[in-house]
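What follows is a short report on a single structure.
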């Protein structure tokens, strides 16, 4: 398969769906909708929604009916960026190559834009899906809220904030990563596998796949903060080092961090061994995560 | 019925359920859970969850199985208070008789506590309910996210912020109130009626009941900001006038604002005319809303 072309097509699919599912910028409350669109539209790799679609395909399901649920994942990811960028949190000025939401608008608008996106996410996730039993949808809404919430992403961000300005060991760093980034990536994969009609054993394997690439993704992000290109990344680079933040490369060295990410990708690929050629996009996505650093 | 005793019992029921459903203060992430509990536990009248339970009872349903959904409403209400109190928003120091979340903890923790509560709300709302079809639960999650989101509460708060420091006419004020407070109160009533097993016509009437008491509630809050007791209310009083904020009493005078609230309560009561004695708590709740100002 032509993975570059696949990524481009899937991103287009997600971008079109987001544009339709998110209120128009000229509709009231206009300033809120503009702020939401500023942060959400045309930005980012759309990794999480693409994982939903690819996981559904891997179990032989149709990806298109899952587009609203896939977009919910992007809404949650984007809200978390808007809130994390706030002055009281990471205080970032640039995101996805543009001014952050509170820089372009103001803090109150950015807080509300995040709140609006998070709430919209659950509206999209709870929409009935053709040929999917309502109890499966309901179960995936519960799963999504757990992975995005106190025991997932929000909790991870809290632990990350608390770990600032003190020594952090590898076990704690891994704990933070698994919650802050890993939970939502795992959730994307599981939702795709479940709502795509996968059986229990397939869902379990794809869950493990998601956990492995979730951690690999965050290690890679740490690495890119050192070796990456600020313009290509669309965000401030070198901030971790400036702030003496605990990262995988800081704790184990750049080489070993790369090895760790590669091992996790191999583990993810091994989860997909019993899957057909339908899982090819999911396999390519796993490789793509660490390729970004080589 | 002894309404005072009813309120006390229902509040106790909701408080016990919240205590069970929200993570313990000593569980990680401890600071986040402490902040959530600081704002959520033992505070407030629990009006929204009690409306869920009373609406279910009004259609002959059992209220207890709806407790997690009812608690979801209180989580959403509390998250909105935490975020609205932030320095970038209303900048309030006191809420429910205690320091606001960001005063007791810090801004970052308050933002995350709000995010965590909003996310938890959808986990609770999407829990399977005994004897309730999964598609009804799913529909009520969609309804709740619409009423809490861009076209409901979050949008209303945005419009409220935008209306500061300029002249606001009655029509716009009503629009803000209907979205900022009304939508979630209506949602509580509708969810109770639907998940309690009400038929279409009952749900429609209780929806209209909810719209009427929602607006009456906000008008009453405006009135209480003038005539209320800061200690009894547990929050800063007289702020609207200080900030020259548009309110019902400011725009139409105290007497006419009281009449308007009374009319709305009568309209709400007329919606319940065809209901049995099971709707008595819902009737008493409507009267209670304006009684607070007399």
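The values are calculated or read from the model by the stated rules, or taken from the named source; none is laboratory data. Being a predicted model, the structure only gives us computed values, none of them experimental. Heads up, the Cβs are rebuilt from the backbone with ideal geometry, glycines too, and the neighbour counts pull from every protein chain shown.
Within the range A:89-113, which residues are in a helix (DSSP H, G or I) and either more than 17 Å from residue B:160 (Cβ to Cβ) or touching a residue at least 40 places away in the same chain (Cβ under 8 Å) (or both)?
Going residue by residue through the range A:89-113, those that are in a helix (DSSP H, G or I) are A:101-104, A:107-113.
A:101, A:102, A:103, A:104, A:109, A:110, A:112, A:113, listed by residue number.
Of all residues in the range A:101-136, how many are under 28 Å from residue A:65 (Cβ atoms) and more than 20 Å from the chain's Cα centre (by Cα)?
Matching residues across the range A:101-136 total 10.
Could you grab me the full set of residues in the range A:232-241 that are part of a loop (DSSP other than H, G, I, E, B), surrounded by 13 or more Cβ atoms within 10 Å (Cβ to Cβ) and either at pLDDT 95 or above or in contact with a helix residue (DSSP H, G or I) (Cβ under 7 Å, 6 or more places away or on another chain) (or both)? Give the steps one after another, and end with the answer.
So in the range A:232-241, the residues part of a loop (DSSP other than H, G, I, E, B) come out as A:234-238.
If we keep only those that are surrounded by 13 or more Cβ atoms within 10 Å (Cβ to Cβ) as well, we get A:234-237.
Within the range A:232-241, A:236, A:237 qualify.
Going by the conditions given, is residue B:223 at pLDDT 95 or above and assigned to a helix (DSSP H, G or I)?
Details: at pLDDT 95 or above: no; assigned to a helix (DSSP H, G or I): yes.
In short, no.
Of the numbered conditions (1) more than 14 Å from the chain's Cα centre (by Cα); (2) within 14 Å of chain B (Cβ to nearest Cβ); (3) within 20 Å of residue A:188 (Cα to Cα), residue A:61 satisfies every one except a single condition; which is it?
Condition not satisfied by residue A:61: (2).
Determine whether the range A:75-88 contains at least one residue that is within 19 Å of residue A:125 (Cβ to Cβ), without any contact (Cβ under 8 Å) to a residue 40 or more places away in the chain and assigned to a loop (DSSP other than H, G, I, E, B).
No - not one qualifying residue is present in the range A:75-88.
Could you figure out which of (1) at pLDDT below 95; (2) in a helix (DSSP H, G or I) isn't true of residue B:265?
In the conditions (1) at pLDDT below 95; (2) in a helix (DSSP H, G or I), residue B:265 misses (1) alone.
Of the residues that sit in the range B:271-294 and are part of a loop (DSSP other than H, G, I, E, B) and over 17 Å from the mean Cα position of the chain (by Cα), which one is farthest from residue B:3 (Cα to Cα)? Walk me through it before giving the result.
In the first step, residues of the range B:271-294 are kept if they are part of a loop (DSSP other than H, G, I, E, B); the result is B:272-276, B:292-294.
Applying the additional criterion that residues be over 17 Å from the mean Cα position of the chain (by Cα) yields B:272-276, B:293-294.
Values: B:272: 17, B:273: 19, B:274: 21, B:275: 18, B:276: 17, B:293: 17, B:294: 17 Å.
It comes out as B:274.
Working only within the range B:134-156, note down all residues that are more than 7 Å from chain A (Cβ to nearest Cβ) and more than 28 Å from residue B:175 (Cβ to Cβ). First the steps, then the outcome.
Within the range B:134-156, the subset more than 7 Å from chain A (Cβ to nearest Cβ) is B:136, B:139-140, B:143-144, B:147, B:151-153, B:156.
Residue satisfying the conditions is B:136 alone.
The rows are residues; the columns are (1) farther than 29 Å from residue A:203 by Cα; (2) surrounded by fewer than 21 Cβ atoms within 10 Å (Cβ to Cβ); (3) at pLDDT below 90; (4) touching a strand residue (DSSP E or B) at 6+ places or on another chain (Cβ under 9 Å).
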residue: A:218; (1), (2), (3), (4): no, no, no, no
residue: A:230; (1), (2), (3), (4): yes, yes, yes, yes
residue: A:243; (1), (2), (3), (4): yes, yes, yes, no
residue: A:256; (1), (2), (3), (4): yes, yes, no, no
residue: A:274; (1), (2), (3), (4): no, yes, no, no
residue: A:279; (1), (2), (3), (4): no, no, no, no
residue: A:284; (1), (2), (3), (4): no, yes, no, no
residue: A:291; (1), (2), (3), (4): no, yes, yes, no
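Looking at residue A:55 and the list (1) in contact (Cβ under 8 Å) with a residue 12 or more places away in the chain; (2) over 19 Å from residue A:188 (Cβ atoms), which single condition is not satisfied?
Failed condition: (2).
So residue B:159 fits all but one of (1) within 14 Å of chain A (Cβ to nearest Cβ); (2) without any contact (Cβ under 8 Å) to a residue 24 or more places away in the chain; (3) surrounded by fewer than 18 Cβ atoms within 10 Å (Cβ to Cβ); what number is the exception?
(3)
Do the conditions hold for residue A:118, that is, is it at the interface with chain B (Cβ under 9 Å from one of its Cβ atoms), surrounded by 19 or more Cβ atoms within 10 Å (Cβ to Cβ) and over 20 Å from residue B:32 (Cβ atoms)?
Numbers: at the interface with chain B (Cβ under 9 Å from one of its Cβ atoms): yes; surrounded by 19 or more Cβ atoms within 10 Å (Cβ to Cβ): yes; over 20 Å from residue B:32 (Cβ atoms): no.
Criteria not met by residue A:118.
Across the range B:1-48, which residue is modelled with the lowest pLDDT among those that are more than 16 Å from residue B:79 (Cα to Cα) and part of a loop (DSSP other than H, G, I, E, B)?
B:1
Among the residues that make up the range A:45-67, is at least one of them farther than 30 Å from residue A:198 by Cβ and crowded, with 18+ Cβ neighbours inside 10 Å? Don't jump to the end; show me each part of the working.
Of the range A:45-67, the ones farther than 30 Å from residue A:198 by Cβ are none.
No, the range A:45-67 contains no residue that is farther than 30 Å from residue A:198 by Cβ and crowded, with 18+ Cβ neighbours inside 10 Å.
Which count do you get for residues in the range B:88-106 that are facing chain A (nearest Cβ under 8 Å) and either more than 14 Å from residue B:38 (Cα to Cα) or in contact with a strand residue (DSSP E or B) (Cβ under 7 Å, 6 or more places away or on another chain) (or both)?
2
Would it be correct to say that residue A:130 is more than 8 Å from chain B (Cβ to nearest Cβ), more than 30 Å from residue B:88 (Cα to Cα) and touching a helix residue (DSSP H, G or I) at 6+ places or on another chain (Cβ under 7 Å)? Write out each step before concluding.
Working: more than 8 Å from chain B (Cβ to nearest Cβ): yes; more than 30 Å from residue B:88 (Cα to Cα): yes; touching a helix residue (DSSP H, G or I) at 6+ places or on another chain (Cβ under 7 Å): yes.
Considered against the rule, which asks whether it is more than 8 Å from chain B (Cβ to nearest Cβ), more than 30 Å from residue B:88 (Cα to Cα) and touching a helix residue (DSSP H, G or I) at 6+ places or on another chain (Cβ under 7 Å), residue A:130 comes out as yes.
Go over the candidates A:21, A:40, A:32, A:7 one by one and state the one that is under 17 Å from the mean Cα position of the chain (by Cα), touching a residue at least 12 places away in the same chain (Cβ under 8 Å) and within 14 Å of chain B (Cβ to nearest Cβ). If you could, list the steps in order and put the result at the bottom.
Working: A:21 fails: under 17 Å from the mean Cα position of the chain (by Cα); A:32 fails: under 17 Å from the mean Cα position of the chain (by Cα); A:7 fails: within 14 Å of chain B (Cβ to nearest Cβ).
The conditions single out A:40.
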